[in-house]
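The values are calculated or read from the model by the stated rules, or taken from the named source; none is laboratory data. Since we're looking at a predicted model, the values are computed, not measured. Counting neighbours? That spans all protein chains shown, and the Cβs are built from the backbone with ideal geometry, glycine included.
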Amino acid sequence: MNPNDSDASRFTSATTDRRGERDLDLLLVHVARGDTEAFEAVYDRLVGPAYGVIRRVLRDPSQSEEVAQEVLLEVWRTAARFDPAVGGAATWVMTIAHRRAIDRVRSTTAAADREHKTAEVHTPHDEVAEAVEASLDAERVRRCLDGLTDVQRESITLAYYGGHSYRQVSDLLKVTLGAIKTRIRDGLIRMRDCLGVS
Amino acid sequence: MRLLRHDLHSLSGAYALDALEPGAERDRFTRHLSRCQSCASEVRGFREVTTAMAFAAADEPPAELRDRVLAAAARTRQLPPEIRTHARPRRTRTRVPWVPWLSGVVATASIVVAVLFGFAQAHTQDELNQVRAENQAISLLLSAPEAKLLTHTVTNGGVATVVLAADRHELAVVTTGLPALPPGKVYQLWLIGKPAITSAGLLPPAKDGRTPPVLATGVVKGDTLGLTVEPAGGSAQPTTKPILALPLPV
């Protein structure tokens, strides 16, 4: 082992990686070892989508900021629990972000706050459109969502972006629970194939 | 309400969207997930879809958030690397080429013996399952293409054998012939690196002079594997001089 090469080169090999996925995985391994520089890099790459999805679910900017902070701290604290064999770093962080946002929504105060706004949620397709900027990710996701049936698309966006449980989605769309369950799963299978996820 | 298995399975989509309310239904699905490989891999695929949806909704947070998060992180203690005792779901199942690439036949034998010994020691089904899980995790480690085998003597007697899979950031350790410790003392493994020293777990009690394999994750470039004698239960940081300091070729 040459101690001199550890600092200078450790991120160089990482950044030459193909799609940046393994690069992020490696950064998280360094984060787990208390490397603040690696944590800053993870922050810069993932705070946008994490904050974005939290904001979609909670809508309120200051609450979203609070939850985003909790999420990033959880990433720092529990990085040692990240297991690349189970999924990529981005997926791990986005799962934490969405789950935390949902927890917040389901906590009483936030729920009361949201009751008034439920009506707005009736146009999930527009919500997506509104979030879509020129990014390729967004374009791809929008195209794949467009390929779904209306019920599939609405139930997935109401659940994921709207933060509703599938029971609430069933009420909102006036479709039976069993059907919603199936539409969500079928829709996600189609999305998966459309996005080319393995 | 009892759910049929295929009904449970169809909850995978709602689960991946965090759209199951807390309660019996979600608990039942979570339990099912730990036993159902195909459900777990379906949920993994769906989570990649939702990750793409999160990126599609990316939004810029206020700039002050960065400083606040970094300052909070500086005050927040991290969890140590996980010592895995359960097999995890894998993307692929790998057959284990035990012998071909391993050069140190004696050392290999000591790991195989340690693993088999674990089987012999298991008395209950739970213990047996646990040993199987450990064995599987070690098999996966051994089958990693870049796995390296290292052996090193321990200063006050005995030998440590390490299988290091740098690409997986994992290693497994077995020892033979370490001196028995007085009551109230344990052997503790460490990953010594910059900027921190982290515990890599306690050595289980030796049987016939061998300690069963310990798996540690989170190994990074520049780490040295250390072994110290610590009070029972282990320490947060080493309190005695290492009796093993093995630089890891990561």
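Tell me, yes or no, whether segment A:30-45 has at least one residue that is more than 7 Å from chain B (Cβ to nearest Cβ), of a type in the set (Lys, Arg) and not in a helix (DSSP H, G or I).
no
Criterion first (surrounded by fewer than 21 Cβ atoms within 10 Å (Cβ to Cβ) and free of Cβ contacts under 8 Å to residues at least 12 places away in the same chain) does residue B:224 satisfy it?
No, not satisfied.
So, residue A:11, is that one at pLDDT 90 or above, under 30 Å from residue B:144 (Cα atoms) and either assigned to a helix (DSSP H, G or I) or under 18 Å from the mean Cα position of the chain (by Cα) (or both) or not?
Answer is no for this residue.
Looking for something facing chain B (nearest Cβ under 9 Å) and small (Gly, Ala, Ser) - is there at least one such residue anywhere in segment A:164-175?
Yes, there is a match, as at least one residue in segment A:164-175 is facing chain B (nearest Cβ under 9 Å) and small (Gly, Ala, Ser).
When segment B:208-225 is examined, which residues are found to be part of a loop (DSSP other than H, G, I, E, B) and closer than 21 Å to residue B:168 by Cα? Lay out the reasoning, then the answer.
Pass one, segment B:208-225, residues part of a loop (DSSP other than H, G, I, E, B): B:208-209, B:218-223.
Within segment B:208-225, B:218, B:219, B:220, B:221, B:222, B:223 meet the criteria.
Name every residue in segment A:145-183 that is within 20 Å of residue B:47 (Cα to Cα), more than 17 Å from the chain's Cα centre (by Cα) and in contact (Cβ under 8 Å) with a residue 40 or more places away in the chain, in order of residue number.
Of everything in segment A:145-183, those that are within 20 Å of residue B:47 (Cα to Cα), more than 17 Å from the chain's Cα centre (by Cα) and in contact (Cβ under 8 Å) with a residue 40 or more places away in the chain turn out to be A:147, A:148.
For a quick check of your reading: which helices (runs of 4 or more DSSP H) sit entirely within segment B:1-73 and have at least 2 residues that are in contact with a Lys or Arg (Cβ under 9 Å, 6 or more places away or on another chain) and more than 19 Å from residue A:42 (Cβ to Cβ)?
B:5-9, B:12-16, B:37-56
For (1) among the aliphatic types (A, V, I, L, M); (2) touching a helix residue (DSSP H, G or I) at 6+ places or on another chain (Cβ under 6 Å); (3) at pLDDT 85 or above, each residue gets a yes or a no:
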position	(1), (2), (3)
B:140	yes, no, no
B:146	no, yes, no
B:160	yes, no, yes
B:178	yes, no, yes
B:184	no, no, yes
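Just checking, how many residues over segment A:81-104 are of a type in the set (A, V, I, L, M), surrounded by fewer than 21 Cβ atoms within 10 Å (Cβ to Cβ) and within 7 Å of chain B (Cβ to nearest Cβ)? Even if it seems obvious, please write down each step before you answer.
First, pick out the residues of segment A:81-104 that are of a type in the set (A, V, I, L, M): A:85-86, A:89-90, A:93-94, A:96-97, A:101-102.
With surrounded by fewer than 21 Cβ atoms within 10 Å (Cβ to Cβ) added as a condition, the list becomes A:85-86, A:96.
The next check asks that each one be within 7 Å of chain B (Cβ to nearest Cβ); those that pass are A:85-86.
Number satisfying all stated conditions: 2.
So which pairs qualify, if the first residue must be in segment B:167-195 and under 18 Å from residue B:217 (Cβ atoms) and free of Cβ contacts under 8 Å to residues at least 60 places away in the same chain, the second must be of a type in the set (D, E, K, R) and loosely packed, with under 14 Cβ neighbours inside 10 Å, the Cβ gap must be under 7 Å, and the two must be at least 6 apart or on different chains?
If the second residue must be of a type in the set (D, E, K, R) and loosely packed, with under 14 Cβ neighbours inside 10 Å, the pairs left are B:167/B:146.
Could you say which residue among B:228, B:240 is assigned to a loop (DSSP other than H, G, I, E, B), β-branched (Val, Ile, Thr), more than 14 Å from chain A (Cβ to nearest Cβ) and farther than 17 Å from residue B:164 by Cα?
Criteria check complete, one pass: B:240.
Anything in segment A:155-198 that is of a type in the set (Gly, Ala, Ser), in contact with a Leu (Cβ under 8 Å, 6 or more places away or on another chain) and under 25 Å from residue B:58 (Cα atoms)? List them, or say none.
Of everything in segment A:155-198, those that are of a type in the set (Gly, Ala, Ser), in contact with a Leu (Cβ under 8 Å, 6 or more places away or on another chain) and under 25 Å from residue B:58 (Cα atoms) turn out to be A:155, A:159, A:163, A:165, A:187.
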